[in-house]
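Below is one structure, written out as C-alpha cells, with a few remarks after it.
The values are calculated or read from the model by the stated rules, or taken from the named source; none is laboratory data. Bear in mind the structure is a predicted one, so any value in this text is a computation, not a measurement. Here the Cβ positions follow ideal geometry from the backbone for every residue, glycine too, while neighbour counts run over all protein chains shown. These area figures cover heavy atoms from the full protein model, side chains too; ligands, DNA and RNA do not enter into them. Shrake-Rupley method; radii C 1.70, N 1.55, O 1.52, S 1.80 Å.
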Amino acid sequence: MNLSIRDMILVSFFAGLMTLGAFVSKIWPPEIIPFSLLPLLSLLAGAIIGPRLGALSILVYILLGLIGVPIFAAPPYGGLVYALQPSFGFLISFIFAAYVAGYIIHKKENPGLKTFLLASLLAMVVIYLIGLPWMYLIYNYITGKVITLKAIFIMMSLFMGLDFLKAILAAIIGKTIYERTRLNVSKRADL
C-alpha cells in the first residue's frame, strides 16, 4: 500500500480520534448508560477519508492497543489479552464498517444525504454482524459463561438503538464535512 504524507496524516488523525473517543468512554459515568463514540467515529472515518484510509485508521488504532498502548475503553486498556474481551469483536468490526461506509459514499460522484444514511446504516449492521457473534464465542468458549445468541441480542438491544441513532448522526456530520472538505480541495486545485 503506497501512502502519501497526506494519507498518513489522515490515517493518524482518525486513529487519534478513535483514541480520544475511547477516552471519553472511560470518563463517561457508566452507571448512567454505557456510551461509546467509537461506532460514530469509525463511520466518519470511512465517510470522510474513504474506504481504504478509513479502514486503515481503525486498524492502526487497534494495533496500537494490541501492542500494549493503553488506548482501549475498558480494562486492561491494551495488550494482546484484550482480544479475549467479549467486546473486542466490535473493535474489529469498526475496520469493516469504515470500509463499507466509505465504499458506498465514495463510489458516487455527488453523494446525497440518502447515500450517507444508507452507508451509515449498512455499516452499523456490519458492526453488529461481527460484534455479536464474537461476543457469543468469547462468553461461551473463553469465559465459560453459557449465554445464547438471542440473550446477547436482547442484552445489546439498547446499544443497538443508540448506535443506529449514531449512524444517522454520522450521516449528517459526515455529509457536511465531506462536502466542505471536497469543496476546499477542489478550490485549491483550481488555484
Sequence-distant lysines (8 or more away, or on other chains) whose Cα lies within less than 29 Å of K150:
K26, K166
Loop-only trypsin sites (Lys or Arg not before Pro) in the range 142-175, please: DSSP not H, G, I, E or B, and at most 11 other Cβ atoms within 10 Å.
K145
Orientation-averaged projected area, Cα convex hull of the range 38-149 (nm²):
6.9
Which whole-angstrom value gives the distance between the alpha carbon centres of the range 42-99 and the range 134-164?
19
Tell me, what is the per residue accessible area of the chain in Å², probe radius 1.4 Å?
54
Degrees, to the nearest 10: 5-27 long Cα axis against longest axis of the chain:
40
Helix axis angle, 51-66 relative to the chain longest principal axis, alpha carbon, degrees:
40
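Is the shape of the range 1-92 rounded, prolate or oblate, going by the alpha carbon gyration tensor and its root eigenvalues a ≥ b ≥ c, with a/c under 1.5 for rounded and a/b larger than b/c for prolate?
Values: a/c = 2.18, a/b = 1.54, b/c = 1.41.
Judged from the Cα gyration tensor, the range 1-92 comes out prolate (a/c at least 1.5, a/b above b/c).
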Between rounded, prolate and oblate, where does the range 46-97 land on the alpha carbon gyration tensor, with a ≥ b ≥ c its root eigenvalues, rounded for a/c under 1.5, else prolate if a/b exceeds b/c?
prolate
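Take S36, S93 and sort them by solvent-accessible surface of the protein heavy atoms, 1.4 Å probe, largest at the top.
On the way: S36 30, S93 0 Å².
From most accessible down to least: S36, S93.
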As a test question: what accessible area, to the nearest 10 Å², does L17 have when a 1.4 Å probe is rolled over all protein chains in place?
50
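According to the Cα gyration tensor, what semi-axes, each the square root of 5 times an eigenvalue, does the equivalent ellipsoid of the chain have, listed from largest to smallest in whole Å? List each step's numbers first, then the result.
Values: eigenvalues 178, 70, 40 Å².
After diagonalising the Cα gyration tensor, the semi-axes are 30, 19, 14 Å.
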Compute the long axis of helix 113-138 from its Cα atoms, compare it with the longest principal axis of the Cα atoms of the chain, and write down the angle in degrees, 0 to 90, nearest 10.
30
Rounded to the nearest 20 debye, dipole of the chain from Cβ charges on Lys, Arg, Asp, Glu
340
Pop out the carbon and sulfur fraction of the accessible area of the chain as a percent, whole number, probe 1.4 Å.
73
